[in-house]
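Participant: What follows is a structure written as structure tokens; I'll ask about it next.
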Amino acid sequence: MTVTWEELGWERVAEGVGRCRLPGWDCTAGLVLGPGAVLMVDAGSSLAEGARLRTEAQALAGRRVTHLALTHPHFDHVFGTPAFAGAGLYAAAGAEAVFAHDREALRLDAVRNGLPAPEAEEAADALPLPRRPVSGERALDLGGGRRALLADVGPGHTSHDLAVLVPGDPPVVFCGDLVEESGDPQAGPDAVPSRWPAALDRLLSLGGDDARYVPGHGAVVDAAFVRAQRDALAARFGVS
């Protein structure tokens, strides 16, 4: 027997689409329910958080998660990935190289930001490679006419930013950290500031004016918010 979004502390964003704001870093994890498949968007910041998301997703869907899309290769969005063994793993093309060669940098970043060192080491060691890279766009059929579109819209926040569009009324766009609502967008050493505004233009083209845009951190926003953040980033980084 399935439960409601509210019973588990999730937010219903649209029919069959929800998200959870996780404690600690206020990261978003998203869930898209289809009659034949279940898509999770991002996996949390630790193995324990990933296991929690897996359990709650299965309770909401009445079946296991079949697809996992990672919006970008930062620890707070990917360290729960090993909990989803057996799910098809998607990321923007090139992210697999970060998973393969930069695990130590991910671990150190996690520890610097407050994840206990043993948890960070355990997650980094277990992190699987995303075997289904997305270059351009890739559609997922979740059954019963429900589809999700994975789009490699970056670079911007990182060199490998993936967005997820769920068509519907309204459409929903999972933005990763290309959009943040609970604070200013964070530009770390792997950001590509000169191309970030263009990535947000692509997000807006995907969702349109009526979509609900789900940021990597913070409350769900509308197209006007994304457009304003795009203009603020362009001014901040001196690009058009």
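The values are calculated or read from the model by the stated rules, or taken from the named source; none is laboratory data. Since we're looking at a predicted model, the values are computed, not measured. Neighbour counts are summed over all protein chains in view; Cβ atoms, including those assigned to glycine, are modelled from backbone coordinates with ideal geometry. Areas reflect the complete protein model, heavy atoms only, side chains present, ligands, DNA and RNA absent. Shrake-Rupley method; radii C 1.70, N 1.55, O 1.52, S 1.80 Å.
Participant: Return the residues of segment 3-25 that are at pLDDT below 95 and surrounded by 17 or more Cβ atoms within 10 Å (Cβ to Cβ); say none if nothing qualifies.
Facilitator: Listed by number, the list holds a single entry, 25.
Participant: Find the residue count for segment 2-44, including only residues that are in a loop (DSSP other than H, G, I, E, B), more than 16 Å from residue 64 (Cβ to Cβ) and over 12 Å from the mean Cα position of the chain (by Cα). Please lay out each step first, then the result.
Facilitator: As a first pass, look at segment 2-44 and keep what is in a loop (DSSP other than H, G, I, E, B): 2-5, 9-10, 15-16, 22-26, 34-37, 42-44.
From the residues that got through so far, the ones that are more than 16 Å from residue 64 (Cβ to Cβ) too are 4-5, 9-10, 15-16, 22-26, 42, 44.
Checking the rest, the ones that are also over 12 Å from the mean Cα position of the chain (by Cα) come to 4-5, 9-10, 15-16, 22-26.
So the count comes out to 11.
Participant: State whether the residues of segment 78-86 include one that is of a type in the set (A, V, I, L, M, F, W, C), part of a loop (DSSP other than H, G, I, E, B) and surrounded by fewer than 22 Cβ atoms within 10 Å (Cβ to Cβ).
Facilitator: Going through segment 78-86, the residues of a type in the set (A, V, I, L, M, F, W, C) turn out to be 78-79, 83-85.
From the residues that got through so far, the ones that are part of a loop (DSSP other than H, G, I, E, B) too are 79, 85.
Narrowing further to those that are surrounded by fewer than 22 Cβ atoms within 10 Å (Cβ to Cβ): 85.
Taking every residue of segment 78-86 in turn, at least one turns out to be of a type in the set (A, V, I, L, M, F, W, C), part of a loop (DSSP other than H, G, I, E, B) and surrounded by fewer than 22 Cβ atoms within 10 Å (Cβ to Cβ).
Participant: Looking for something assigned to a loop (DSSP other than H, G, I, E, B), under 22 Å from residue 93 (Cβ atoms), open to solvent by less than 10 Å² (accessible area, probe 1.4 Å) and touching a helix residue (DSSP H, G or I) at 6+ places or on another chain (Cβ under 9 Å) - is there at least one such residue anywhere in segment 146-155? Steps first, answer last, please.
Facilitator: Kept after step one, since they are assigned to a loop (DSSP other than H, G, I, E, B), are these residues of segment 146-155: 146, 153-155.
Then drop every residue that is not under 22 Å from residue 93 (Cβ atoms), which leaves 153-155.
Imposing the further condition that a residue be open to solvent by less than 10 Å² (accessible area, probe 1.4 Å) reduces the set to 153.
Cutting the leftovers down to touching a helix residue (DSSP H, G or I) at 6+ places or on another chain (Cβ under 9 Å) gives us 153.
Looking through segment 146-155, at least one residue is assigned to a loop (DSSP other than H, G, I, E, B), under 22 Å from residue 93 (Cβ atoms), open to solvent by less than 10 Å² (accessible area, probe 1.4 Å) and touching a helix residue (DSSP H, G or I) at 6+ places or on another chain (Cβ under 9 Å).
Participant: Looking at 115, 68, can you tell me which residue is outside any loop (DSSP other than H, G, I, E, B) and either touching a strand residue (DSSP E or B) at 6+ places or on another chain (Cβ under 6 Å) or open to solvent by less than 30 Å² (accessible area, probe 1.4 Å) (or both)? Spell out the reasoning first.
Facilitator: Details: 115 fails: outside any loop (DSSP other than H, G, I, E, B).
Going through 115, 68 in turn, just one is outside any loop (DSSP other than H, G, I, E, B) and either touching a strand residue (DSSP E or B) at 6+ places or on another chain (Cβ under 6 Å) or open to solvent by less than 30 Å² (accessible area, probe 1.4 Å) (or both): 68.
Participant: Filtering segment 45-65 down to residues that are assigned to a helix (DSSP H, G or I) and among the hydrophobic types (A, V, I, L, M, F, W, C), which residue is surrounded by the most Cβ atoms within 10 Å (Cβ to Cβ)?
Facilitator: At the first step, the residues of segment 45-65 found to be assigned to a helix (DSSP H, G or I) are 47-61.
Narrowing further to those that are among the hydrophobic types (A, V, I, L, M, F, W, C): 47-48, 51, 53, 57, 59-61.
Details: 47: 19, 48: 15, 51: 16, 53: 23, 57: 26, 59: 14, 60: 21, 61: 20.
Per the criteria, the residue is 57.
Participant: Does residue 125 qualify as being charged (D, E, K, R), over 22 Å from residue 50 (Cα atoms) and surrounded by fewer than 17 Cβ atoms within 10 Å (Cβ to Cβ)? Even if it seems obvious, please write down each step before you answer.
Facilitator: Working: charged (D, E, K, R): yes; over 22 Å from residue 50 (Cα atoms): no; surrounded by fewer than 17 Cβ atoms within 10 Å (Cβ to Cβ): yes.
For residue 125, the condition - charged (D, E, K, R), over 22 Å from residue 50 (Cα atoms) and surrounded by fewer than 17 Cβ atoms within 10 Å (Cβ to Cβ) - is not met.
Participant: Now, a different point. List pairs: first residue in segment 178-203 and over 17 Å from residue 75 (Cβ atoms), second residue open to solvent by 70 Å² or more (accessible area, probe 1.4 Å) anywhere in the structure, Cβ distance under 7 angstrom, at least six positions apart or on different chains.
Facilitator: none
Participant: Taking the condition of being farther than 25 Å from residue 33 by Cα and either over 16 Å from the mean Cα position of the chain (by Cα) or aromatic (Phe, Trp, Tyr) (or both), how many residues in segment 158-190 meet it?
Facilitator: 6
Participant: Among the residues that make up segment 91-109, is at least one of them basic (Lys, Arg), in a helix (DSSP H, G or I) and either at pLDDT 95 or above or more than 26 Å from residue 205 (Cα to Cα) (or both)? Give the derivation first.
Facilitator: Just the residues of segment 91-109 that are basic (Lys, Arg), to begin with: 103, 107.
When the remaining residues are screened for being in a helix (DSSP H, G or I), the result is 103, 107.
So of that shortlist, the ones also either at pLDDT 95 or above or more than 26 Å from residue 205 (Cα to Cα) (or both) come out as 103, 107.
The answer is yes; a qualifying residue exists.
Participant: What's the number of the only condition in (1) of a type in the set (D, E, K, R); (2) free of Cβ contacts under 8 Å to residues at least 40 places away in the same chain; (3) over 26 Å from residue 87 (Cβ atoms) that residue 137 fails to meet?
Facilitator: (3)
Participant: I've got another one for you. Give me a count of the residues in segment 40-70 that are touching a Ser or Thr at 6+ places or on another chain (Cβ under 8 Å) and within 21 Å of residue 123 (Cα to Cα). I'd like the intermediate steps shown before the answer.
Facilitator: Going residue by residue through segment 40-70, those that are touching a Ser or Thr at 6+ places or on another chain (Cβ under 8 Å) are 41-43, 50, 59-62, 68, 70.
From what is left, the residues that are within 21 Å of residue 123 (Cα to Cα) are 41-43, 50, 68, 70.
Going through segment 40-70 one residue at a time, the tally reaches 6.
Participant: How many residues are touching an Asp or Glu at 6+ places or on another chain (Cβ under 8 Å) and within 21 Å of residue 136 (Cβ to Cβ) when one looks only at segment 77-95?
Facilitator: Summing the residues that are touching an Asp or Glu at 6+ places or on another chain (Cβ under 8 Å) and within 21 Å of residue 136 (Cβ to Cβ) in segment 77-95 gives 2.
Participant: Oh, and also: Within segment 127-137, is there a residue that is farther than 25 Å from residue 22 by Cα and at pLDDT below 95? I'd like the intermediate steps shown before the answer.
Facilitator: Step one: of segment 127-137, the residues farther than 25 Å from residue 22 by Cα are 131-137.
From what is left, the residues that are at pLDDT below 95 are 131.
Yes: segment 127-137 contains one or more residues that are farther than 25 Å from residue 22 by Cα and at pLDDT below 95.
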